[in-house]
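The next block holds one structure in the form of structure tokens; read it before the comments.
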Amino acid sequence: MSNPNNSKSNIQAGQEPRAAAAIPYKKSAFSLVMTVLTWAAAVLSVAILVFLVGFVLIRGVGNITPDLFSLKYTTENASVIPAIVNTLEMTVIALLIAVPIGICAAIFLVEYTNNTGKVVGIIRITAETLSGIPSIVYGLFGMLFFTIALKLGYSMISGALTLAIMVLPLIMRTSEEALKSVPVSYREASFGLGAGKLRTIFKIVLPAAMPGILSGIILATGRIVGETAALLYTAGSVAQYAAPMDSGRTLAVHMYVLSSEGLYMDKAFATAVILLVMVLLINAVSSFFAKKITKG
């Protein structure tokens, strides 16, 4: 029989090298420098965020008046209500266009190509390239193609189509990564029970990947709500309630116009506070429904 004392001594002997190896790591100069840099970067990022949010709140909260929430925009009240309604309309239209295309493209790349082939590589490189293009370039493209070539004019639908192209790479890439994270055993078990390819995708894979897909949609929503440059060339800046074929300004464009005129800086900061609150509410509501869908 083995001696318990010997086993204990062997375990201790086995632990000593690990502890001895950890000591130089903790006392290493490189480790210390990297730890300090990591903490400094984290503190700096939080400090900048707190400064920006605090600056906007300090300058804007005191300037929020009942006139800002008038149902009709005038030069005296600079109401944000038409801009809020247009922002919600723009967000819904853009997501209705981009989300189905992005998810279907991700399904094609993950489930039907086995992540191999030149076509897959070209699609991925194209999506990554589109993600890095400045929004002003999207705006110029939208103006030339949707506004002029397709004769949609300055309208909400022109802006929504442009924004859909902007957020499409984000939705596609996040959906692709979410689908990749689903274990292969899920698919194998479904096929083993006699389910077909499409049934497996829509009944097994997509529900399991839904948290990651919804995260990408939430990020896309934030970009749509805060976009300005692309909409100036496609949707215009008319301060009115806009139908899909009418020109109208979103909340971000409304804030930009007020600040660029130089006569409504106080109301521009107040609009910035409203925009900040609106983004937080949209993210909170989206996260709430995402959790409900995931649990369901």
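The values are calculated or read from the model by the stated rules, or taken from the named source; none is laboratory data. Small disclaimer: the values here were computed from a predicted structure and weren't measured. When we count neighbours, we look across all protein chains shown, and the Cβ atoms used for this are built from the backbone with ideal geometry, even at glycine. These area figures cover heavy atoms from the full protein model, side chains too; ligands, DNA and RNA do not enter into them. Shrake-Rupley method; radii C 1.70, N 1.55, O 1.52, S 1.80 Å.
Below are the figures for this structure:
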read-out	value
The stretch 155-167, residues that are touching an Asp or Glu at 6+ places or on another chain (Cβ under 7 Å), part of a helix (DSSP H, G or I) and either farther than 25 Å from Arg124 by Cβ or at pLDDT below 90 (or both)	Met156
Residue check, Leu276 within 14 Å of Val56 (Cβ to Cβ), within 23 Å of the chain's Cα centre (by Cα) and open to solvent by less than 80 Å² (accessible area, probe 1.4 Å)	yes
Residue count for the stretch 167-177, restricted to those that are touching a residue at least 40 places away in the same chain (Cβ under 8 Å) and open to solvent by 10 Å² or more (accessible area, probe 1.4 Å)	5
Qualifying residue in the stretch 117-139 (condition: farther than 21 Å from Leu179 by Cβ and among the aromatic types (Phe, Trp, Tyr))	yes
Checklist (1) of a type outside the set (Lys, Arg); (2) open to solvent by less than 20 Å² (accessible area, probe 1.4 Å); (3) part of a helix (DSSP H, G or I) applied to Gly236, failing item	(3)
Test result for Leu152, outside any helix (DSSP H, G or I) and modelled with pLDDT of 90 or more	yes
Per-region count, the stretch 79-125, residues among the aromatic types (Phe, Trp, Tyr) and under 16 Å from the mean Cα position of the chain (by Cα)	0
The stretch 168-194, residues that are part of a loop (DSSP other than H, G, I, E, B) and within 16 Å of Tyr112 (Cβ to Cβ)	Val182
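Per-residue answers, yes or no, for (1) farther than 19 Å from Arg59 by Cα; (2) touching a helix residue (DSSP H, G or I) at 6+ places or on another chain (Cβ under 6 Å); (3) open to solvent by less than 30 Å² (accessible area, probe 1.4 Å):
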{"position": "Ala195", "(1), (2), (3)": "yes, no, yes"}
{"position": "Leu206", "(1), (2), (3)": "yes, no, yes"}
{"position": "Ala209", "(1), (2), (3)": "yes, yes, yes"}
{"position": "Ala243", "(1), (2), (3)": "yes, no, no"}
{"position": "Arg249", "(1), (2), (3)": "yes, yes, yes"}
{"position": "Val257", "(1), (2), (3)": "no, no, yes"}
{"position": "Leu263", "(1), (2), (3)": "no, no, no"}
{"position": "Val285", "(1), (2), (3)": "yes, no, no"}
{"position": "Phe289", "(1), (2), (3)": "yes, no, no"}
